[in-house]
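These notes are about the structure you will find just below.
Rule-based calculations on the coordinates, nothing more; no lab input. Note that this is a predicted model, so its numbers are computed, not measured. We place every Cβ from the backbone using ideal geometry, glycine too, and count neighbours over all the protein chains shown.
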Amino acid sequence: MKKLLAAALALALLLGAGCANKETNTASSSKTETLKNTETEQENPLTASGVLNFVYSSGAGGWSTQLSLQSDGSFTGRYEDTDLGDMGEENPNGTVYVCDFSGSFSQPGKVDDHFWTMELEYLSTQKEPGEVTYEEGSKYVSAEPNGLERAQEVWLYLPGAETKDLPEEFLSWATSAFSGDVPEQLPFYGLYSVNDQSGFVGFPVEETA
């Protein structure tokens, strides 16, 4: 009888230990998953920067592409170019080429602390290129999203990036945003569409305001 009781007690202890180990493993797995998610958020520079407003422009002429980038990689934007010399009876105020667009980039992949890469997941324009409308003496022609027409891989630069390491094509577009000579480190955010060789200059929304 004593042997039977001892065996039953040993079995109960084993079962209890197994349940405890299972609960411990489950808790450990949950904790690991939470840490991974936190690390992913911390490794995404857009999470820390908040909304970024980017501009692609030569600094001269009447054209620019504005792009507002959200922390989840989604964006909206508008390209506009005014040609006052292209006028007629219906458009005495000239012609405006315009494109309202939206899209999304993939989560940034880290190359180094100041250089990240993204892929364009989708890009949609409000109107098909070439559509013409007239409004208040101006002719409006829908266009492509200038600077992103051929976008696939896009590079994101953070403030502090060494300018000597940046593509000349990016710097040629960003020069107008520098006050004086090109500094050793980038003082703002940069967005570079590799295929378009276009450079966008960006600032957090609060700084833009």
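How would you rank 98, 55, going from fewest to most other Cβ atoms within 10 Å of each one's own Cβ?
Ordered from fewest to most neighbouring Cβ atoms within 10 Å, 98, 55 come out as 98, 55.
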By counting other Cβ atoms within 10 Å of each Cβ, how are 63, 173 ranked from fewest to most? 63, 173
Between residue 172 and residue 64, what is 0.36 nm times their sequence separation minus the Cα-Cα distance? Round to one decimal in nm. 37.4 nm
Given the candidates 145, 188, 170, the one whose Cα lies deepest towards the positive end of the charge dipole of the stretch 110-209, counting +1 at each Lys or Arg C-beta and -1 at each Asp or Glu C-beta, is 145
Sorted from fewest to most neighbouring beta carbons within 10 Å, what does the list 142, 106 look like? 106, 142
